[in-house]
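Notes follow the structure.
We did not get these values from a lab; they are worked out from the coordinates using the rules stated. This structure is a prediction, so every number in the text was calculated from the model and none was measured. Methodologically, a virtual Cβ is constructed for each residue, glycine included, from the backbone with ideal geometry; neighbour enumeration extends over all protein chains shown.
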Amino acid sequence: MSDMAQARPLADAVKPGAPRQPWTISAKLVDTAVQVAVILALAAAWEFGARYGAINPFLLPPLSVVLERLWSDLISGVVPVDLGLTLYRALTGFLIGAALGITIGILMARSALVRWFFDPLISIGFPMPKIAFLPIFILWFDIYDTSKIIMVAFSCFYPIVSATYAGTSGLDKWPIWSARSFGARERDLLWEVYLPMAMPQILTGLQVALPVGMITTIVTEMLMGGRGIGGTMITAGRFADSVGVFAGILEIIILGFVVVKGLEMIRRRLLVWHPESQR
Amino acid sequence: MMMAAKAHHIAQAASSISIHDVSHSYGGRGGGQVMLALDRINLDVGDCEFHCLLGPSGCGKSTLLYLIGGFIPVQAGVIATAKGPVSGPGPDRSIVFQNFALFPWKTVKDNVLYGLKKAGFDAGEREKRAQDYIDLVHLTGFENAYPSQLSGGMQQRAAIARTLAVDPGILLMDEPFGALDAQTRRVMQEELRAIWRRSRKTVVFVTHDVHEAVFLADRISIMSARPGRIEHVIDVDLPKDRGEEILEDPRFIQFSERIWRLVREQAVAATRGAH
């Protein structure tokens, strides 16, 4: 909140569409170009290293072969089904974890009773490897989607509930007092003040939880088998199909990148008002 | 109860405030030391009066303002307006805080619209009033800017527009220009005085700046530090229309000197007390 007191250069506010200084654009362009170049160089090293025998092609098949497999699996429908299943499990679990985490986090900040109940549970649960619960979840919820989704929700819950609790407790009182002086009632304050104020921290919690959810999805799929990227990779590994394993790795990389970037975009959209978006 | 009834009776005029025997202390919970912040405050602020609470830091002037605003509960005594004893915040007593307290996630216009919506204006009227008050504080063109994109002075003007737009009978101001640079502060003081002359509201304005108090107020309450008491209530005997030129008027200078001496006594006493 201390940002508010600082006067920002007015040029930012007056002409949002005004041309920026030329060096900022080129610096960003150089950044992106370097990043792309590094990835391309690594891809090239992979391809040629494997192709010209520097590396055993069974241990590391050339990138082109992996891409070919990815393409044929895409045509045959294996990849879309796997991607769809993995994405469905990851996002459903993530959303359940988010709904519970945000709700309980807010309640903890508002009510001492809820805080007393959940605080010890979260202190113990947060640092614990959540995957330890998998065997019991399999017993309780069998080996199909339910147990995987619950496992994902369970692992996403902790970072989200802690971030929401931190974000909604100890809020700056001034906007709350303003809202009350305009006649806002206690139940309006949640949607009109508490949530928007805590939004940066809640989103940070979500951004921490999302990759955790992706990891948990892949691991549960690997451990339980069946379809989904993780399951297909484990099957490929069992049949010594290293090309199949690498195809799975590429799928995960692309999926993870898209999902994480998507959440970043949502953050920018929701926090246009925040100084972080005006840099 | 009898006191409440009496205070209510006193506060008859549309937007007057009556403060009767109000004391307030902080701490004391969990065996901590109790600090008396306000000691038996009695004060009547008349309808359409511009009243300044002036005193050294820690004299409880902000506490008194928050009590009038209903943000902290009255512990002892009664504060009443025409609507009866104050028991919580309400749109009849709007406040401008030192740190603006705008909603940072809303644009200037949405900040102003928020109060209007709460006050129950219909959609067309809301738009019109919001624009009128944004124009009034010279923020035309910045309707869609977020607070973080504005300078401190502009944020404070947005906060004032938001508060004035709902047309409160009583306007509470807690060192609203404290965070501004000297030039902006001077301009804002002139604008506030001009706006007040036009809109005729009851204003309670907290400040520790003698010149600000003398320039703005009809009456000044000089408070002592810890425990906060009202030591003097002084009528500002200056013309109602005050522009920049009054700052050089010998009457203004003499009067400021007099107030300064009274405030200084309190400040010195406070420093001695602290040692």
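Odds and ends about this structure:
- The modelled label-to-label distance between A:I266 and A:L60, using points 7 Å beyond Cα along the C-beta direction, is 3.6 nm.
- Only lysines eight or more places from B:K240 in sequence, or on another chain, were considered; those with a Cα closer than 29 Å are B:K61, B:K83, B:K201.
- Taking chymotrypsin sites (Phe, Trp or Tyr not before Pro) as exposed when their DSSP state is a loop state and no more than 15 other Cβ atoms lie within 10 Å, the longest site-free interval of chain A runs over A:145-238.
- Length available on full extension from A:F141 to A:L121: 0.36 nm per residue minus the Cα-Cα distance, which gives 5.0 nm.
- Adding -39500 (n - 2.57) for every DSSP H run of four residues or longer, then dividing by how many residues chain B holds, sets the calculated 222 nm ellipticity at -12500 deg cm²/dmol.
- Loop-resident sites, the stretch A:20-110, for trypsin sites (Lys or Arg not before Pro), counting at most 13 other Cβ within 10 Å (DSSP): A:R20
- Relative contact order [Cα under 8 Å, 6+ residues apart], chain B, whole percent: 25 percent
- Exposed loop sites here mean trypsin sites (Lys or Arg not before Pro) with a DSSP loop assignment and at most 16 other beta-carbon atoms within 10 Å; chain B contains its longest site-free run at B:84-199.
- With the simple model of a label 7 Å out from the Cα in the direction of the Cβ, A:A132 to B:A123 spans 5.6 nm.
- Label-point gap, in nm, between B:R264 and A:F257 - each point 7 angstrom along Cα→Cβ: 7.2 nm
- Screening chain A for whole DSSP H helices with an alpha carbon extent of at least 24 angstrom along the helix axis and a mean Kyte-Doolittle hydropathy of at least 0.0 yields A:22-51, A:78-110, A:145-168, A:195-224, A:242-270.
- Panel order for A:S76, B:S23, B:S15, by other beta carbons found within 10 Å of each beta carbon, from fewest to most: A:S76, B:S23, B:S15.
- The H on the amide N of B:K83, modeled in the peptide plane, is under 5 Å from the matching H of no residue at least 5 residues off or on a different chain.
- In Hz, Karplus ³J(HN,Hα) per residue of the stretch B:233-238 (6.51, -1.76, 1.60; θ = phi - 60°; x = Gly, Pro): 10, 10, 6, 8, 8, 9
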